[in-house]
Amino acid sequence: MRAPPQPTPPPLILAPLKGYTDAVFRDAFSRHFSGVDRAVAPFIPTVSGPRVRPGLLSDLLPEKNRRLAVTPQIIGKSAGDFVLVARALLDLGYDQLNWNLGCPFPMVMKKGRGCGMLPHPEKIDAFLEEVLSALSVRLSVKLRLGRIDPDEIFEVLPVLNRYPLAEIILHPRTAGQMYGGRPDRLRFASVLAESTHPVVYNGDINTTADFRRLFERLPGVGGWMLGRGILVDPHLALAIRSRRDRIDHRAERFRAFHDDLIEGYRSKLSGPGHLLDRMKGFWKYFGIGFDGGRQIAKKIHRCRAMDRYTDLVARFFDAGPQWTGLSDGESIDDKII
Ligand SMILES: Cc1cc2nc3c(=O)[nH]c(=O)nc-3n(C[C@H](O)[C@H](O)[C@H](O)COP(=O)(O)O)c2cc1C
């Protein structure tokens, strides 16, 4: 007898990771890996001025985003300034935008942006009223549970429910937690029950086992967002999609992906110092899943010249390192170099 067909999981969405999942990454990722349905781009800040600098939008130019559908994300607290940037993005052809209410960095929150706005549902209300009466756009919101208090979300939710949002993306931690502790699955379930919008789950999906557990316990989720898990294991989305425990990386394919990243950043960033810094950032994650990867990542972290970097990476891939992946329950935060 054939097994009954399994339900198709809702979309898998690449998370915005500033400094990582920009257009160069999204393009290289899509050349070598699959399984992701769409992406939310790392945030661009609002500007208070008559004009949006073209550089602010360059990552979102349609010609740089042909392989993977992307939703631009804006961070800001002034509705007027948001509308200015949003209009420039709509002019590029986008019809969906995301508002960042989830950034936990103290400098950002101090300015009342990101999670800094979560304790003020009345400000969120006024913002949405002004933005959605000025623009015809499908707007989604990405947020955490609260700034310090994980119940702040329950004051914000009735406000969000009043507006025609495309979806809300919830990383169920507070800003104060940053990435510590476990995401709060029970509060996520309450939000899911109370929201009139599709709710996307985000946070610590690093293995297919993580995904399966959440998928079984949270029926009705509107989508699944994967962030750092993809940086460690770019096959993660495909493994989830194809219901395999994991897909081992072959060093040659990972190397080709790596080489595309280098080429992309060489043309985007000015000078070898910036290129080296960018690649060091990636190796904090790339090193985690390969046998011997953490040692190489530590050497890369100390390296001061691009020649040395190239040599280290070549020797690492030439040796054909084995993929070990993350074990169930291992935290990226604990393993990051
Ligand atoms: C380096 C880094 C940069 C991030 N940049 C953004 C961003 O630009 N916009 C945003 O909404 N969230 C950003 N986040 C948060 C992630 O999108 C995501 O919510 C968080 O990493 C939890 O998901 P994960 O466990 O799957 O990584 C960032 C996180 C990290 C670690």
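The values are calculated or read from the model by the stated rules, or taken from the named source; none is laboratory data. Everything numeric here is computed off the predicted structure, so don't read it as measured data. Please note: Cβ atoms are built from the backbone with ideal geometry, for glycine as well, and neighbour counts cover all protein chains shown.
So here's what we get for this one:
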| read-out | value |
| --- | --- |
| Some residue of the range 69-80 being modelled with pLDDT of 95 or more, of a type in the set (Val, Ile, Thr), touching a helix residue (DSSP H, G or I) at 6+ places or on another chain (Cβ under 7 Å) and away from the ligand (no atom under 15 Å from the Cβ) | no |
| Cys103 vs. criteria closer than 26 Å to Glu155 by Cα, assigned to a loop (DSSP other than H, G, I, E, B) and within 11 Å of the ligand (Cβ to nearest atom) | yes |
| Set Ala86, Ala126: member being part of a helix (DSSP H, G or I), away from the ligand (no atom under 13 Å from the Cβ), within 29 Å of Pro10 (Cα to Cα) and among the small types (Gly, Ala, Ser) | Ala86 |
| Some residue of the range 289-308 being under 21 Å from the mean Cα position of the chain (by Cα) and either under 21 Å from Phe25 (Cβ atoms) or not charged (D, E, K, R) (or both) | yes |
| Selected residue (only one of Ile240, Ile168 is surrounded by 21 or more Cβ atoms within 10 Å (Cβ to Cβ) and not in a helix (DSSP H, G or I)) | Ile168 |
| Residue identified as more than 24 Å from Gly329 (Cβ to Cβ) and within 15 Å of the ligand (Cβ to nearest atom) among Glu263, Glu167, Glu252 | Glu167 |
| Residues satisfying the stated conditions in the range 175-202, i.e. more than 14 Å from Asp151 (Cα to Cα), touching a helix residue (DSSP H, G or I) at 6+ places or on another chain (Cβ under 8 Å) and at pLDDT 95 or above | Ser195, Thr196, His197, Val199, Tyr201 |
| Residue count for the range 293-332, restricted to those that are modelled with pLDDT under 95 and among the hydroxyl-bearing types (Ser, Thr, Tyr) | 3 |
| Contacts under 9 angstrom Cβ, first residue in the range 201-217 being at negative phi, partner modelled with pLDDT under 95 and within 10 Å of the ligand (Cβ to nearest atom), 6 or more apart | Asn206/Ser331; Asn206/Ile332 |
| Any hit, the range 236-243, residues being of a type outside the set (Gly, Ala, Ser) and within 15 Å of the ligand (Cβ to nearest atom) | yes |
| Failed item in (1) crowded, with 17+ Cβ neighbours inside 10 Å; (2) more than 30 Å from Arg182 (Cα to Cα), with Gly273 passing the rest | (1) |
| Residue tally, condition part of a helix (DSSP H, G or I) and buried (at least 18 other Cβ atoms within 10 Å of the Cβ), over the range 215-237 | 8 |
| Lone qualifier among Val232, Val221 - being farther than 22 Å from Ser331 by Cα and within 15 Å of the ligand (Cβ to nearest atom) | Val221 |
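Residue-by-condition table, conditions (1) in contact (Cβ under 8 Å) with a residue 24 or more places away in the chain; (2) surrounded by fewer than 21 Cβ atoms within 10 Å (Cβ to Cβ); (3) part of a strand (DSSP E or B); (4) not charged (D, E, K, R):
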site	(1), (2), (3), (4)
Ala28	yes, no, no, yes
Ser34	yes, yes, no, yes
Pro42	yes, yes, yes, yes
Arg67	yes, yes, no, no
Lys77	yes, yes, no, no
